[in-house]
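Following: one structure in structure tokens, then a few remarks.
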Amino acid sequence: MDRARRTLSQNFLVDGHAVELMIKAAAPEGLVLEPGSGEGVLTFALAEAGAQVVTYEVDPRLAGRLASRTRDDSRITVVRGDFTAARAPREPFAVVGNIPYAITSKIVDWCLRAPALTSATLLTQREYARKRTGDYGRWSLVTVETWPWFHWRLGDTVGREAFRPVPSVDSAILRIERRPEPLVSGRRSYQELVELGFGGVGGSVRASLKTRYDGVDAALQAAGVARDAVVGHVHPDQWVTLWGRLCR
């Protein structure tokens, strides 16, 4: 069992308060997909909160055990397989899960590509959640590039003692919410702008953008971005302003 847990990057959530924090952050309703049900602690909590849960578990032993326990529960469907290989539903749905550290980026990418996703509430390594939400004072390419369509928010910290086996680091709740309306009208032009800025030409956002765009100095001033600003220090909202000045 311990070998399987290490291989599958399994750290099971065993703390009831942490489960309550996840349910509060997710406010689950309607269809909810759960990556990695484990022993089903969060699965049952989601169902009790009113969600129709489709939970994925790649460990056949755990999946079989949970399937047996929920055989007569119409609120829960257990899928024995890899969540990241699943086809996203066409109807609106949310994702809620205590996800393996090793495949965090893969699960986040899956969520961001799903057209009908309304939100993702993920228990991740705390460092990852802080990086993606600008909590270190810097912003990552993934967050900036998706910002017009998704809001990223850092939630409560969940200490390592809430898991078994106990991991070496703490976790945090990462909340990704789809915006009702995008902040920009041109996905491709916005992403091209951001990717150029993150390309690192010249050492500053200004130097990078001036290789392709006219009016960069005026756009930086309108966005409140210093002329010598490095890319990680530019807030996603400032990128939206830059797009409005340089690409429309």
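The values are calculated or read from the model by the stated rules, or taken from the named source; none is laboratory data. What you are looking at is a predicted structure, and each value in this text was computed from that prediction instead of being measured. Cβ atoms come from the backbone with ideal geometry, glycine included; neighbour counts cover every protein chain shown. Please note that ligands, DNA and RNA were not included when accessible areas were found on the heavy atoms of the full protein model with its side chains. Shrake-Rupley method; radii C 1.70, N 1.55, O 1.52, S 1.80 Å.
Treating only the Cβ atoms of Lys and Arg (+1) and Asp and Glu (-1) as charged, compute the dipole magnitude of region 201-246 about its Cα centre; round to the nearest 20 debye. Numbers along the way, then the final one.
Details: 5 positive and 4 negative charges, 21 e Å.
Computed about the Cα centre, the dipole is about 100 debye.
Between the C-alpha center of region 208-248 and that of region 97-136 there is a gap of 27 Å.
Over all other residues within a Cβ to Cβ distance under 12 Å of Q221, the charged ones net out to +2, with Lys and Arg as +1 and Asp and Glu as -1. Shape class for region 1-134, computed from the alpha carbon gyration tensor (a ≥ b ≥ c): rounded, with a/c under 1.5. Local charge for W149 was computed over the other residues whose Cβ lies under 15 Å away, with Lys and Arg +1 and Asp and Glu -1, and equals +3.
For the Cα atoms of the chain, what angle does the longest principal axis make with the long axis of helix 104-113, in degrees from 0 to 90, nearest 10? Result, in degrees: 70.
Classify region 81-180 as rounded, prolate or oblate, taking a ≥ b ≥ c as the square roots of the eigenvalues of its Cα gyration tensor: rounded when a/c is under 1.5, otherwise prolate if a/b is larger than b/c and oblate if not. Because a/c hits 1.5 or more and a/b fails to exceed b/c, region 81-180 counts as oblate.
State to the nearest 20 debye the size of the charge dipole of the chain about its Cα centre, where the only charges are +1 on K and R beta carbons and -1 on D and E beta carbons.
520 debye
Only protein atoms count toward the accessible area here, which uses a 1.4 Å probe; on the chain, the carbon and sulfur part of that area reaches 47 percent. Between the Cα long axis of helix 187-197 and the first principal axis of the chain there is an angle of about 70°, rounded to the nearest 10. Place +1 on the Cβ of every Lys and Arg and -1 on the Cβ of every Asp and Glu in the chain, take the dipole about the Cα centre, and give the residue among A129, A67, V231 whose Cα lies farthest towards its positive end. Of A129, A67, V231, it is V231. Taking other residues whose beta carbon is less than 13 angstrom from the beta carbon of R75, and scoring Lys, Arg as +1 and Asp, Glu as -1, yields -3. Looking at the chain, the accessible area is 49 square angstrom per residue; that uses a 1.4 Å probe and ignores ligands, DNA and RNA. Only lysines eight or more places from K106 in sequence, or on another chain, were considered; those with a Cα closer than 20 Å are K131.
Once backbone amide H atoms are built at 1.01 Å from N, A51 has no partners under 5 Å, excluding neighbours fewer than 5 places away on the same chain. The long axis of helix 16-26 is offset from the longest Cα principal axis of the chain by roughly 50 degrees. Under the shape rule built on the C-alpha gyration tensor, where the axes satisfy a ≥ b ≥ c, region 159-213 is oblate, since a/c reaches at least 1.5 while a/b does not exceed b/c.
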